[in-house]
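**Student:** Input: one structure, supplied below.
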Amino acid sequence: MSILTVTNLVKHFHTRVGAFGGKPVTIRAVDGVSFHVDAGEAFGVVGESGCGKSTVGRAVLHLIEPDEGMIELDGTDLADLRPSEMRALRPRMQMIFQDPYSSLNPKQTIGAALSEPIRVHGKASGDAVMQKVKTLLEEVGLPAAAADRYPHEFSGGQRQRIAIARALTLDPDLIVADEAVSALDVSIQAQVLKLMKELMERRGVAFLFISHDLGVVRTFCKRLAVMYLGRVVESGPVGTVFDKPLHPYTHSLRAASPIPDPSARKALARLSGEIPSAASPPSGCHFHTRCPYATELCRTQTPKTVEPVSGRTVACHLHDPDQTDAMLATKQNAIQELFFYD
Ligand code: SF4
């Protein structure tokens, strides 16, 4: 049962003037993204900076208005809601940011910061508010006495625990975690991920987990979508996508995560250049300027999304049965180099 369904989401940003006072430009941040998140599941959205993954998270939370497409929470299309209905639904979706410090008021105690949403949304009243705050702090591994302290008195990992406690104040069904552990040391990262996993299992809350790090997504999520320049290029169960990537870009991402795999290192070595600008994405397959297997077809024709294995999708001509003849020679090279076919 899906708690979140995103269908053909499109979001473009228009600048008033371009770089150095030039013409206005359109940033195609998200260009037809679809996925779903099951209730109580952690679903990862992974890709490099600038691929549009944070825009997806902000659109899901209704912080920005999509240009096209549909976002449904538990079957309700968010676009159909009146402002009062949206306000009533908002507590069911919460967010955890990369830098919790910037979202905490330095002059407010943790107790005050956490009790505010509880009071505003009528989740408790009177003494029960602070009791709920203390229970939440203990649930995320902090002492109840932390309620009387200020944000600067905590370490980065502790502040992220506070951010998680705050996200839980309204008992959400879905938490959007955008690079939530990226700023933490590896050992603290592991502790925070373990905590989120426990909360997911205990409370049945689902996570939309946005990260640039495929390795982190692997430890936390069940399924994932890989994004490149506003599009989903591959999706499926984390284990199989990680062990046998279908898309050349997923191969290179896997190589960038800290795993000792010689074939993955080779793929990384062959990935050239920076991610192009979303203001002028390459024609055809957006990845063709960096892909070692790009052909003329890739430069002119957008690959369609196919499902070569049940439950897995990929947008690459190498996997499209309709393009087998056009891609034959390239595919043979890819099979030898990437070993991504059974
Ligand atoms: Fe590479 Fe072509 Fe596949 Fe794009 S469609 S990933 S350029 S082989």
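**Student:** Within the stretch 305-321, take every residue that is touching a residue at least 12 places away in the same chain (Cβ under 8 Å) and more than 13 Å from His247 (Cβ to Cβ) and give me the one that is farthest from the ligand (Cβ to nearest atom).
**Tutor:** Residue satisfying both the conditions and the ranking: Gly311.
Per-residue answers, yes or no, for (1) at pLDDT 80 or above; (2) within 10 Å of the ligand (Cβ to nearest atom); (3) surrounded by 13 or more Cβ atoms within 10 Å (Cβ to Cβ):
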| position | (1), (2), (3) |
| --- | --- |
| Val232 | yes, no, yes |
| Gly239 | yes, no, no |
| Asp243 | yes, no, no |
| Leu246 | yes, yes, yes |
| Pro260 | no, no, no |
| Gly273 | no, no, no |
| Pro281 | yes, no, yes |
| Tyr293 | yes, yes, yes |
| Gln301 | yes, yes, yes |
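**Student:** Going through Ser2, Ser84 one at a time, which residue ends up being closer than 21 Å to Gly311 by Cβ and either within 18 Å of the chain's Cα centre (by Cα) or small (Gly, Ala, Ser) (or both)?
**Tutor:** Details: Ser84 fails: closer than 21 Å to Gly311 by Cβ.
After ruling out the rest, the residue left standing is Ser2.
**Student:** Only residues that are of a type in the set (A, V, I, L, M) and in a helix (DSSP H, G or I): list them for the stretch 37-78, please.
**Tutor:** Selection gives Val56, Ala59, Val60, Leu78.
The values are calculated or read from the model by the stated rules, or taken from the named source; none is laboratory data. Nothing here was measured: the structure is a model prediction, and the numbers come from that model. No Cβ is skipped: glycine too gets one built from the backbone with ideal geometry, and neighbour counts run over all protein chains shown.
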